[in-house]
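The values are calculated or read from the model by the stated rules, or taken from the named source; none is laboratory data. Computed from a predicted model, the values in this text were never measured in an experiment. Cβ placement follows ideal geometry from the backbone for every residue including glycine, while neighbour counts extend to all protein chains displayed.
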Amino acid sequence: MLPLSVIHYSREDPRASIGGVQSFARNLERLFAEVRFLTPRSRNRRAALQSRVPIICDNQLVLDWPPEHPVIGFQHGVAAVKYQATGSLGHWRLARAQRRAASRPNTLWVACARWIAETFAQLHGTSAAQVIYHPVDTARFDGRPGDRESRLVLHDARTRNKGRHLIARLRTALPQWRIEPLDCPPEAVPERMRQARAFLHLSRYEGNSLVCCEAMAMDLPCCFSRVGLLRDPGGPTEVWSLDPALLRGRQPGLLEEVRSFLGSLDQRSYHPRPWILGHATLELAESGWRAVLGDFQARSQWDLGLGEARLSAGDRV
């Protein structure tokens, strides 16, 4: 654990809401001695400006802070790509805000996947200092199977974008399989996954899905649409991947792909856990954040107690 205090700044309080950004924020408590959570509604933002405690912002929210104040902007995803997948007006607005945020001075950018860093660089010329994959506690998500139910397939299709509307069709077409939602408290996720035969994630867009990383850490056979980490150079390969175009409308090919994946479970061994061990552990994330904060210290000229730590050229995107 890094002996530092940081502030996480996002739209919602991660202690009272759920989502990918919130999970990221809570995981910071595993990496830093102290994490303070602020939102646009917090009353103590002025005190944060005076404290010289590094502020880690959810991407476009770097614009909420005075431009002369150094901050860290964390790139969870690319709204311009998400808008292409969803056509949502809200995602178009988010993409516009991210474009404006990219030109903010005194911002040290960090990304949670290499494809995100590279896409922002192409779209806006924003160079991320480092890629830090969402870390998984590999002691909790230990990859050890339990009493797995041979026909239980888990999914996390909580929204239409994540395939919620597709699950009923798959259940009807594949009655021999129990296709059920993960749907449990965060502390119960490892045990719930331990009972499953496979994990299914049919999303039209992802930045870097933490639940997919957790399923891989549990060494579950996984069927993912080719979004998120599957767009990454050197991303996971020990999974079944399918074309996200199959998720549009009533594509008959989707059923065939999922049926083929489930049929492969008795023929093929899937072992995605080694990718997590090599890219997305708490130890690797701690090392990445130590480098980022060393770079932040050098740029801001604030004394964070990190000596002369800097990013090496090899760590930059």
Q: Could you tell me which of the residues Leu123, Leu170 is farther than 25 Å from Gln267 by Cα, aliphatic (A, V, I, L, M) and surrounded by 14 or more Cβ atoms within 10 Å (Cβ to Cβ)?
A: Leu123
Q) Between a first residue in the range 128-143 that is outside the structural domain of Ser209 (by TED's automatic domain parsing) and within 18 Å of Gly73 (Cα to Cα) and a second residue that is β-branched (Val, Ile, Thr) and in a loop (DSSP other than H, G, I, E, B), which pairs have beta carbons less than 6 Å apart while being 6 or more apart in sequence or on different chains? A) Ala128/Val317
Q: For the range 8-38, name all the residues that are outside any helix (DSSP H, G or I), crowded, with 17+ Cβ neighbours inside 10 Å and at pLDDT below 95.
A: Glu12, Pro14
Q. Residues in the range 174-227 that are among the β-branched types (Val, Ile, Thr) and more than 19 Å from Leu277 (Cα to Cα): how many?
A. 2
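With respect to Gly90, is the statement that it is out of contact with any His (no Cβ under 8 Å at 6 or more places or on another chain) and exposed (fewer than 13 other Cβ atoms within 10 Å of the Cβ) true?
Details: out of contact with any His (no Cβ under 8 Å at 6 or more places or on another chain): yes; exposed (fewer than 13 other Cβ atoms within 10 Å of the Cβ): yes.
Here the answer is yes, as Gly90 does meet what is asked.
Residues in the range 268-288 that are of a type in the set (Gly, Ala, Ser), touching a residue at least 24 places away in the same chain (Cβ under 8 Å) and either assigned by TED's automatic domain parsing to the domain that holds Glu238 or in contact with a strand residue (DSSP E or B) (Cβ under 8 Å, 6 or more places away or on another chain) (or both): how many?
Applying the first criterion (of a type in the set (Gly, Ala, Ser)) to the range 268-288 yields 269, 278, 280, 285, 287-288.
Among the residues that remain, those that are also touching a residue at least 24 places away in the same chain (Cβ under 8 Å) are: 280, 285, 288.
Imposing the further condition that a residue be either assigned by TED's automatic domain parsing to the domain that holds Glu238 or in contact with a strand residue (DSSP E or B) (Cβ under 8 Å, 6 or more places away or on another chain) (or both) reduces the set to 280, 288.
Qualifying residue count, the range 268-288: 2.
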